[in-house]
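Below is one structure, written out as structure tokens; comments come after it.
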Number of protein chains: 2
Amino acid sequence: MAASAPDPALLARLLERLGPRGFTADPRDIEPWIVDWRGRVRGKAVALLSPADAGEVADVVAMCAAAGLPIVPQGGNTSMVAGATPPADGSALVLSTRRMRAIRAISVADGVAVVDAGVVLADLHAAAAAQGLRFPLSLGAKGSATIGGLISTNAGGTQVLRFGPMRSLVLGIEAVLPDGSRIEGLSALRKDNRGYDLRQLMSGAEGTLGIITAASLRLVPAIGRRAVAWVGLSSPQAALGLLRRLEAATGEAVESFELVPGDALELVLKHIPDTRAPLTGGHAWHVLVEATAPQGAADPADALGVVLADAIEAGEAADAAIAASEAQAEALWRLRESISEAERIDGMAAKHDVSVPVSTMPAFIQSARVEVEAAFPGTRVLAFGHLGDGNVHFNVRAPAGVDGMAWLAGEGASISRMVHDLTVAADGSISAEHGIGQTKLAEYLRLADPARLRAQRAIKAALDPQGIMNPGKLLG
Amino acid sequence: MAASAPDPALLARLLERLGPRGFTADPRDIEPWIVDWRGRVRGKAVALLSPADAGEVADVVAMCAAAGLPIVPQGGNTSMVAGATPPADGSALVLSTRRMRAIRAISVADGVAVVDAGVVLADLHAAAAAQGLRFPLSLGAKGSATIGGLISTNAGGTQVLRFGPMRSLVLGIEAVLPDGSRIEGLSALRKDNRGYDLRQLMSGAEGTLGIITAASLRLVPAIGRRAVAWVGLSSPQAALGLLRRLEAATGEAVESFELVPGDALELVLKHIPDTRAPLTGGHAWHVLVEATAPQGAADPADALGVVLADAIEAGEAADAAIAASEAQAEALWRLRESISEAERIDGMAAKHDVSVPVSTMPAFIQSARVEVEAAFPGTRVLAFGHLGDGNVHFNVRAPAGVDGMAWLAGEGASISRMVHDLTVAADGSISAEHGIGQTKLAEYLRLADPARLRAQRAIKAALDPQGIMNPGKLLG
């Protein structure tokens, strides 16, 4: 199907409906929103729509649907897979939720926040904290990522171990379907068995089934105290053993359990200012642990200290340090959160966001590393991340001295195919938390279970028969 | 569309494929499975299929799909809404999962059980306990209800407060779609963002989108110690205040928080042998609380005792007793679990399973009670259940002295319309945990959001274009 440029008359009607604050066709205004977060994929759009509320979203979707004009929904534009970048042929408009950023209500009694889709994650964190509550999902892009995008990508982050991914925290949604009809589902019911769960279906659908305009989200009590520890150990197997030991002793107090290879810590110490090693001596692997306790409960550092001492005694951990202050805790977290930046400064890498069953992750990390480094001489694998979720970021770094861009262009696809084949062979997922978007689409289509893909395409065709909602993403 | 009787030649081929253990056309064998759990809805089926494994399910679904022959999937046949009862016209066959009851694997390292769809809930409880783990969902029908049915109905129960409903515990599914194709999704990945979540879509779909043949389920560590308390208090408002007090003080230790009106306790004491009042003196309302702690942690009775003492001091609770032994704890639970039976012995009731936002539940219970009892003189409302989930069973009992069956036939529908209208007006759900099935269908269609219903029907038509999978349920 040849892409056609949007009809100028329709654009005029959209401008009329949205007003000058909600419609721009100025290329300078549009420019930042047609390139993906990582700067690798460039699209084209003749207009950027920024509706002010759900009613305006519904109206413009209905107008576009009537004309068969595709729409690319966009939140903070922080997709790791170019999931919010329009097609290069200019056939689609971008619809941004950035003007819809009201925190409509926070109910302390229900532990629920009702927020517009365009609310930025960090703003929700702040609003919840002001009420003695917290929204228990966080990730590096929290200063830009929006609630609508986080739901549409079923975002993960560092607290999935305890609270699950974004879909676990969504109690209700308000959305506009591809025909412009509105789903009103903000009532935050803990239990609701009235047929297919559209809230769950829209979570992780990457904007291909409609546009989320608002959500009701679960809040939990603010942390009373937290304890953050850095542990040096010999292997991912030892790390998993430590996690099980912690879970057995402290129940659900462990919120984060992040695996950091020695190489990654070295990169951070080398490239990120004002960082320093938390332990004396080198370790092949490290773990960042955070345990929390409600207000009024015992300091979680006490239980954490006991378990870590036992683990060292048992030879499971080599060394450990518990942050003695909130500043030290922040410094430990900064080490973990700076890995991607340090890696980027250091050179190019082919990146992968994979998951396998938790118990097999340690063996997977090590065997996949050996196989990939042997097949692509000179590369070095950096595997870090959420061990407790069975999810690591498996990044293959360019050999020393090569031109990174040229290397990635030449070898990147082959490397990714190998990593993904190994992942599938281990019963894993080639997208643990980033989604499919555009950049993983070919690999997803290559490896997907045909029955599952057929069912997904049938659902897409049923709800978006014209294929106007985020074209080219997720299902091709 | 006139229903036609199944083709005898097809029945012969089904017998050939399934063998005599997997196929019966003997009305005596079929009889127990064509009447619903509550004995109110009778269907008809000329054959009962009992495949031995997922391969047989796929084959018989493909054979039925080719002939356009409808199938009613059935697990333990414990639906409260006749969701597994075949149509009365005899146009469909019943497919039972009862022969598929292998517990395929329990991984202690991953905290995962992989089980056939026909495994009975109580059997999973026992198998998990044998490994020092538990499956944290339980309900009255646990001796009959199967895993496939629990997923298909997104079952609730008494532990939703802490662990969520069934869909929260499903890590993977294996299923047969209405065209006979198989979805292989048992790999228990904690994170997997590859498109629309079919696992979530099948959860709560009441068998209308396919037949679940196996599932991977989340297990959690066995309880170290539990503390069970019975509390007398003045109102549902006081009960909610107590819940918030408990949550603030003990975090996620509170697993169950069941509201019991004084009337309900009286019915239990009157009709159920060997029961006795846990507190001296009468109270308008009661709450059963269970708090747990992992192995090695402090006895949860200590913290519970402190909070209850504070609540009594603050005038929020009137009296409380903590079970001093496991036998006493069981006796308290028996009071709660006998309410339905006692109510049935006492007389007829129009029953409703509704939810509203948690903070509004106390006011809803009281205002809806007053309105319904005024509109239907002589009736008495009994509202009990899962206050912490915003879910109560709102049962309207027949006036004293009337013929219960005649009263229900005459007044039941009007009463239900009123209860459901009040629920919708309170932003609630007319089916919190039981589903829609057949018996709530008319009310669901009367009250559903048209856009939501249209989307659900589009999904149904996309995956089951012939409408052969559990016809007449959920969407009509």
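Taking the residues in segment A:454-470 that are within 8 Å of another protein chain (Cβ to nearest Cβ) and among the aliphatic types (A, V, I, L, M) as candidates, determine which candidate is surrounded by the fewest Cβ atoms within 10 Å (Cβ to Cβ).
By that ranking, first place goes to A:Ala461.
Mind checking which pairs have a first residue in segment A:399-417 that is under 11 Å from A:Phe376 (Cα atoms) and a second that is loosely packed, with under 14 Cβ neighbours inside 10 Å, Cβ under 9 Å, 6 or more apart or different chains?
A:Pro399/A:Pro377; A:Pro399/A:Gly378; A:Ser414/A:Ala375; A:Ile415/A:Ala375
Identify, from the list A:Leu177, A:Leu209, the residue that is closer than 28 Å to A:Gly390 by Cβ, aliphatic (A, V, I, L, M) and not assigned by TED's automatic domain parsing to the domain that holds A:Ser355.
Answer to the check: A:Leu209.
Within segment A:415-436, which residues are more than 10 Å from chain B (Cβ to nearest Cβ) and either in contact with a His (Cβ under 9 Å, 6 or more places away or on another chain) or surrounded by 22 or more Cβ atoms within 10 Å (Cβ to Cβ) (or both)?
Within segment A:415-436, A:Ile415, A:Ser416, A:Val419, A:His420, A:Thr423 qualify.
Give me the residue from segment A:187-246 that is among the β-branched types (Val, Ile, Thr) and more than 10 Å from chain B (Cβ to nearest Cβ) and, out of that set, surrounded by the most Cβ atoms within 10 Å (Cβ to Cβ).
A:Ile212
Being surrounded by fewer than 24 Cβ atoms within 10 Å (Cβ to Cβ) and facing chain A (nearest Cβ under 8 Å) is the filter; apply it to segment B:163-184 and report the residue that is farthest from B:Ala145 (Cα to Cα).
Of everything passing the filter in segment B:163-184, B:Ser181 is farthest from B:Ala145 (Cα to Cα).
Within segment A:195-206, identify whether any single residue is at pLDDT 95 or above, of a type in the set (Asp, Glu) and not in a loop (DSSP other than H, G, I, E, B), and answer yes or no.
no
Looking at segment A:212-247, which of the residues that are in a helix (DSSP H, G or I) and of a type in the set (Lys, Arg) is farthest from the chain's Cα centre (by Cα)?
A:Arg245
I need the full set of residues from segment A:437-450 which are small (Gly, Ala, Ser) and buried (at least 20 other Cβ atoms within 10 Å of the Cβ), in order please.
If the condition is that a residue be small (Gly, Ala, Ser) and buried (at least 20 other Cβ atoms within 10 Å of the Cβ), then A:Gly437 is the only one that fits.
Yes or no: A:Glu252 in contact (Cβ under 8 Å) with a residue 40 or more places away in the chain, surrounded by fewer than 24 Cβ atoms within 10 Å (Cβ to Cβ) and not assigned by TED's automatic domain parsing to the domain that holds A:Val392?
The answer is yes for A:Glu252.
B:Arg369 fails exactly one of the following numbered conditions: (1) touching a residue at least 40 places away in the same chain (Cβ under 8 Å); (2) under 30 Å from B:Leu137 (Cα atoms); (3) part of a helix (DSSP H, G or I); (4) away from chain A (no Cβ under 14 Å). What is the number of that condition?
Against the list (1) touching a residue at least 40 places away in the same chain (Cβ under 8 Å); (2) under 30 Å from B:Leu137 (Cα atoms); (3) part of a helix (DSSP H, G or I); (4) away from chain A (no Cβ under 14 Å), B:Arg369 comes up short only on (1).
Out of the residues in segment B:266-298 meeting the condition of being free of Cβ contacts under 8 Å to residues at least 12 places away in the same chain and acidic (Asp, Glu), tell me which one is surrounded by the fewest Cβ atoms within 10 Å (Cβ to Cβ).
If we take residues in segment B:266-298 being free of Cβ contacts under 8 Å to residues at least 12 places away in the same chain and acidic (Asp, Glu), then B:Asp274 is surrounded by the fewest Cβ atoms within 10 Å (Cβ to Cβ).
On the basis of being at negative phi and either buried (at least 23 other Cβ atoms within 10 Å of the Cβ) or touching a strand residue (DSSP E or B) at 6+ places or on another chain (Cβ under 6 Å) (or both), does B:Asp89 make the cut?
Considered against the rule, which asks whether it is at negative phi and either buried (at least 23 other Cβ atoms within 10 Å of the Cβ) or touching a strand residue (DSSP E or B) at 6+ places or on another chain (Cβ under 6 Å) (or both), B:Asp89 comes out as no.
Of everything in segment B:367-401, what is modelled with pLDDT under 95 and more than 26 Å from the chain's Cα centre (by Cα)? Give them in sequence order.
B:Ala400, B:Gly401
Count, please, the residues in segment B:173-195 that happen to be under 25 Å from the mean Cα position of the chain (by Cα) and not hydrophobic (A, V, I, L, M, F, W, C).
The qualifying residues number 4.
Check B:Ala314 against each of (1) buried (at least 17 other Cβ atoms within 10 Å of the Cβ); (2) of a type outside the set (Ser, Thr, Tyr); (3) under 25 Å from B:Thr280 (Cα atoms) and name the one condition it does not meet.
(1)
Does B:Val108 count as in contact (Cβ under 8 Å) with a residue 40 or more places away in the chain and β-branched (Val, Ile, Thr)?
So B:Val108 fails the test.
Given the condition closer than 30 Å to B:Leu217 by Cβ and not assigned by TED's automatic domain parsing to the domain that holds A:Pro236, answer yes or no: does some residue in segment A:337-352 qualify?
yes
Restricting attention to segment B:422-443, and to residues there that are in contact (Cβ under 8 Å) with a residue 24 or more places away in the chain and outside any loop (DSSP other than H, G, I, E, B), which single residue is farthest from the chain's Cα centre (by Cα)?
Once the filter is applied, the top-ranked residue is B:Leu422.
Of the numbered conditions (1) outside any loop (DSSP other than H, G, I, E, B); (2) among the acidic types (Asp, Glu); (3) in contact with a Gly (Cβ under 8 Å, 6 or more places away or on another chain), B:Glu316 satisfies every one except a single condition; which is it?
B:Glu316 satisfies every listed condition except (1).
Can you list residue pairs whose Cβ atoms sit under 7 Å apart, with the first residue in segment B:15-28 being without any contact (Cβ under 8 Å) to a residue 60 or more places away in the chain and the second being of a type in the set (A, V, I, L, M) and assigned to a loop (DSSP other than H, G, I, E, B)? Count only pairs 6 or more apart in sequence or on different chains.
Correct list of pairs: B:Phe23/B:Ala47; B:Thr24/B:Ala47; B:Ala25/B:Val46; B:Ala25/B:Ala47.
I'd like to verify a number: residues in segment B:340-368 that are under 21 Å from B:Gly378 (Cβ atoms) and of a type outside the set (Asp, Glu), how many?
13
Count, please, the residues in segment A:386-401 that happen to be touching a helix residue (DSSP H, G or I) at 6+ places or on another chain (Cβ under 9 Å) and not in a helix (DSSP H, G or I).
11
Answer yes or no as to whether B:Arg38 is in contact (Cβ under 8 Å) with a residue 40 or more places away in the chain, of a type in the set (Lys, Arg) and either within 14 Å of chain A (Cβ to nearest Cβ) or surrounded by fewer than 22 Cβ atoms within 10 Å (Cβ to Cβ) (or both).
yes
Considering every residue within segment A:331-352, establish whether at least one is within 14 Å of chain B (Cβ to nearest Cβ) and either buried (at least 23 other Cβ atoms within 10 Å of the Cβ) or aromatic (Phe, Trp, Tyr) (or both).
yes
Select, from B:Gly378, B:Gly412, the only residue that is more than 30 Å from B:Pro165 (Cα to Cα) and more than 14 Å from chain A (Cβ to nearest Cβ).
Result: B:Gly378 is the single residue among B:Gly378, B:Gly412 that is more than 30 Å from B:Pro165 (Cα to Cα) and more than 14 Å from chain A (Cβ to nearest Cβ).
Looking at segment A:127-136, is at least one residue within 24 Å of B:Leu171 (Cα to Cα) and in contact (Cβ under 8 Å) with a residue 12 or more places away in the chain?
Taking every residue of segment A:127-136 in turn, at least one turns out to be within 24 Å of B:Leu171 (Cα to Cα) and in contact (Cβ under 8 Å) with a residue 12 or more places away in the chain.
Return the only residue of B:Ala52, B:Ala47, B:Ala141 being within 19 Å of B:Arg167 (Cα to Cα) and in contact (Cβ under 8 Å) with a residue 12 or more places away in the chain.
From the options B:Ala52, B:Ala47, B:Ala141, the qualifying one is B:Ala141.
The values are calculated or read from the model by the stated rules, or taken from the named source; none is laboratory data. The model shown is predicted, which means the values in this text are computed figures rather than measured ones. Because the Cβ atoms are built from the backbone with ideal geometry, glycine has one as well, and the counts that use them run over all protein chains shown.
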